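A short write-up of the structure that comes next.
The values are calculated or read from the model by the stated rules, or taken from the named source; none is laboratory data. Quantities reported herein were computed from a predicted structural model and do not represent experimental measurements. Virtual Cβ from ideal backbone geometry, glycine too; neighbours counted across all protein chains shown. Remember, those area values only see protein heavy atoms, side chains included, never the ligands or the DNA or RNA. Shrake-Rupley method; radii C 1.70, N 1.55, O 1.52, S 1.80 Å.
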Amino acid sequence: MGNAPTTPARKLTDAEARLAEIFAMQQSAGAPQLAKLRTAAFDAFAKTGLPNRRDEAWKYTDLRALLRDVKPLAEPPEDSAKQSARSAAVLEGVTSRRVVFVGGYFVPELSDLADLEAGLSVVSLSEALAKGDAAAMTQIGNVGEVDDPAFALNTAFMGEGVVIRVGAGVCVDRPIQLVFVAGAQPATYFLRSLVVVEKGARATLIESFEGETTQEYHVNAATEIVLEEGASLERLKISREGAAAMHVSTFVASLAADAQLSDFGFNLGGAVLRNQSFININGQGAHAGLRGANILKGKEHADATLFLDHAAERSESKALFKSVLDDSSQAVFQGKILVRPGAQKTDARMMARTLLLSEGAQANCKPELEIFADDVQCAHGSTVGALDENLIFYLMARGIPQVEAQSLLTEAFVGEVIDAVANRSVRDALSALVSERLRTR
Amino acid sequence: MTALLEIRDLKAEIAGKQILNGYDLTVKAGEVHAIMGPNGSGKSTLSYVLSGRPGYKITEGQALLAGADLSQMSVDERAAAGLFLAFQYPLEVPGVATMTFLRAALNAQRKKRGEEEMSSPDLIKRVKELAKILDMDMEMLRRPVNVGFSGGEKKRAETLQMMLLEPKLCILDETDSGLDIDALKVVSNGVNQLRSKDRGIVVITHYQRLLDYITPDVVHVQSAGRIVRTGGKELALELEETGYARYQSEAA
Ligand SMILES: Nc1ncnc2c1ncn2[C@@H]1O[C@H](COP(=O)(O)OP(=O)(O)OP(=O)(O)O)[C@@H](O)[C@H]1O
Ligand SMILES: [Mg+2]
């Protein structure tokens with residue numbers, strides 16, 4: 001997933017020129033170590049510029065063409081915006097520990113950081129950076145080797161987010177929910193989080209992105225997750241962005257021996273949604289379950305690009321992505337599995353299934369396998385189809401109206417990925433979201 | 001009094017191929033009719049045409065349910081109007097919980113008829129009663145609709161749906177095939193419980209044996225897309241002896 005070198009003489013796009021300007025202005029802020037990290041990241045970005053369709057990894061989501069201008073970095077939110085964020089991203093029946101960000105700014109008064117479980121630490125990114133949190137400073141940007149311009153941009157500009165640590169052996173039952181609510185004005189948000197789950201610890205992380213506004217805004221979010229030996233994390237990312245929003249997010253995870261990652265990304269709205277995951281399986285016997293669901297309509301575009309790097313023996317990865325596409329929406333699934341030499345007994349499977357509800361909708365699937373070990377099991381597949389007419393007839397023959405029959409079958413289609421969510425209340429809330437979204441289709 | 005089901009000179013085709021060739025049948029409320037006939041004679045086709053399966057096209061004639069033209073109704077409207085087809089091959093619906101399905105079906109029908117919906121506790125109670133009558137394990141009904149059910153279990157499940165929905169006109173397409181001897185009795189018993197003066201039942205079957213349990217008022221022989229003979233209960237016994245050979249040549 002490297003980037004093709006661009007000709008040095010290429011004229012910068014307006015957006016690229018603007019990014020360079022903004023970067024130059026913010027450069028002085030922060031500790032020297034941080035400034036170095038940002039500068040290195042921006043330099044890396046500047047080498048290639050915004051990725052375009054000639055970059056394999058960005059083939060179907062041409063960021064250079066899509067990002068025509070750069071919205072200003074967000075100003076601190078108004079009180080009214082904060083107030084309306086109270087009810088944002090509430091998952092019915094889930095008593096999560098909410099950490100709320102409005103318009104890119106951490107809002108302590110809406111966040112619930114009191115009485116943290118013993119061994120759990122949750123600190124805003126800005127605070128961690130200001131304090132010069134040494135551990136965080138060495139881990140941010142270093143969880144995996146990611147050579148990607150959008151991620152580099154995030155590192156260069158990262159503004160707010162959280163640093164979470166779950167101490168060794170600690171089991172945090174209450175889901176930690178990061179709620180990112182867009183502000184009312186056009187803006188660019190660079191959000192960055194680091195989550196470290198220490199040896200044998202366990203936690204559930206929910207990242208909710210929401211935008212009520214029809215204004216155009218841009219989110220560049222990145223989450224880095226370190227799972228130490230035997231650690232286990234269930235992560236859910238729910239993107240319900242505004243109708244004109246562009247959302248690019250990078251997920252980087254490293255799994256030590258016997259670590260368990262269960263990741264579920266759910267896309268329910270936004271003009272352009274790009275979710276790229278770089279999963280580094282470094283320890284023996286580690287397991288990564290990666291699931292995604294898109295329910296798209298209008299001209300929405302969602303791109304899931306997955307890079308699974310198996311570098312240890314007996315590790316497993318199971319990826320299952322489901323898309324329900326209406327109108328002229330578009331889903332992209334790119335998955336690459338790399339099995340490094342010596343990563344014997346790797347079991348890696350990848351599947352993308354698409355349900356087309358309209359003839360104008362489109363699915364692009366591009367799997368890729370690169371295998372350098374001989375005793376492995378790798379499989380990938382994809383299906384694209386419409387709802388089964390016979391099943392619709394069967395349901396209707398029992399008196400269920402056509403639209404309801406279609407939603408029931410569509411919910412069932414998406415249900416397979418949701419059923420795999422371990423946390424029951426979260427699972428129920430997600431099912432409710434699916435029904436709601438399908439009803440308003 | 002208008003008949004419950006009135007089929008007049010019905011011609012229908014699938015994929016451009018005419019299967020029903022001038023079908024006449026009248027079922028009055030309170031009656032049980034049996035339709036027997038060789039494979040491929042269009043028995044299932046008749047049931048699909050009546051229930052409105054896409055692809056089946058009426059080219060001539062009429063089918064009326066309690067006086068209302070079925071061809072003017074969508075599939076779900078026909079169901080709400082009281083038509084029920086127990087499928088010859090019930091479908092599996094992965095991912096849709098049986099209870100969800102039953103609730104959606106019953107309440108959609110009730111809503112369309114302007115009746116009050118059934119509450120979930122009442123529904124569960126009713127389904128439990130029916131499961132008992134049909135000797136079905138409730139555990140099965142916690143699974144998605146028909147998924148992983150054996151052939152016989154699917155037929156019981158169809159019967160349960162029918163008993164729950166209480167249709168005016170029940171069409172059972174070979175509900176007996178695939179049932180073991182005990183199951184045949186259990187299912188027949190369920191069907192017999194539905195017999196009433198307001199309801200019509202049409203059983204399509206290949207086996208006289210079913211008619212020992214569900215005694216028909218009228219027996220029809222169908223061949224090459226129409227009814228070629230109608231008689232009483234004894235006609236089924238006669239068919240058992242003689243087979244369909246003479247009807248097939250008559251129809252040709
Ligand atoms: N989709 C189709 N396209 C073309 N011909 C069809 C189609 N479906 C059914 N037929 C034909 O219609 C005829 C009637 O079929 P049907 O299933 O109604 O018979 P049946 O009387 O129910 O038979 P059985 O006793 O075997 O259940 C058969 O010749 C069959 O091949
Ligand atoms: Mg048949």
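Just a few scattered comments:
- 222 nm mean residue ellipticity, helices alone, for chain A (DSSP H n ≥ 4; -39,500 (n - 2.57); rounded to 500): -7000 deg cm²/dmol
- For residue B:209 and residue A:92, the FRET efficiency from 1/(1 + (r/R0)^6), where r spans their Cβ atoms and R0 equals 56 Å, is about 0.60.
- Listed pairs B:28/B:125; A:11/A:59; B:43/B:155; A:322/A:366 exceeding 24 Å between Cα atoms: B:28/B:125
- Average other protein chain Cβ within 10 Å of Cβ, residues A:385-396: 5
- Inter-chain neighbour count for A:400-410: the average number of beta-carbon atoms from partner chains within 10 Å of each residue's beta-carbon is 5.
- Shape call, chain B: gyration tensor on alpha carbons, a/c limit 1.5: prolate
- The range B:41-186 - charge dipole about Cα centre, Lys and Arg +1 at Cβ, Asp and Glu -1, debye rounded to 20: 260
- By accessible area, using a 1.4 Å probe on protein heavy atoms only, the protein assembly as shown has 49% of its surface on carbon and sulfur.
- Other residues with beta-carbon under 15 Å from the beta-carbon of residue A:313 carry, at +1 per Lys or Arg and -1 per Asp or Glu, a net charge of -4.
- Cβ crowding within 10 Å averaged over residues, with A:101-114, A:219-232, B:162-175 ranked highest first: A:219-232, B:162-175, A:101-114
- Tensor-based shape of chain A (alpha-carbon gyration tensor, a/c under 1.5 rounded, otherwise prolate or oblate): rounded
- Computed over the range A:77-387, relative contact order equals 11 percent, with contacts defined as Cα pairs under 8 Å that lie 6+ residues apart.
- Residue A:80/residue A:383 FRET efficiency (R0 51 Å; Cβ-Cβ; nearest 0.05): 0.65
- Other residues with beta-carbon under 9 Å from the beta-carbon of residue A:322 carry, at +1 per Lys or Arg and -1 per Asp or Glu, a net charge of +1.
- Mean-position separation - Cα centroids, the range B:134-187 and the range A:349-399, in angstrom: 31
- Ignoring aspartates and glutamates fewer than eight residues from residue A:299 along the same chain, the ones with Cα atoms less than 12 angstrom from its Cα are A:326, A:327.
- Per residue, the solvent-accessible area of chain A (1.4 Å probe, heavy atoms of protein chains only, all protein chains present) comes to 39 Å².
- Using heavy atoms of the protein chains and a probe of 1.4 Å, the accessible area assigned to residue A:157 is about 10 Å².
- Gyration tensor verdict on the range A:61-142 (Cα atoms; rounded if a/c is under 1.5, prolate if a/b is larger than b/c, oblate otherwise): oblate
- Shielding by partners, peptide B:83-93 (average Cβ within 10 angstrom, other chains): 3
- Take the accessible area of A alone and of B alone, subtract that of the pair with a 1.4 Å probe, and the total buried over both chains is about 1800 Å².
- The range B:3-251 - accessible surface per residue (Å², probe 1.4 Å): 42
- Computed per residue of chain B from DSSP H runs no shorter than four, each worth -39500 (n - 2.57), the mean residue ellipticity at 222 nm is -11500 deg cm²/dmol.
- Separation of the alpha carbons by more than 27 angstrom is noted, of A:71/A:336; B:197/B:233; B:11/B:112, for A:71/A:336; B:11/B:112.
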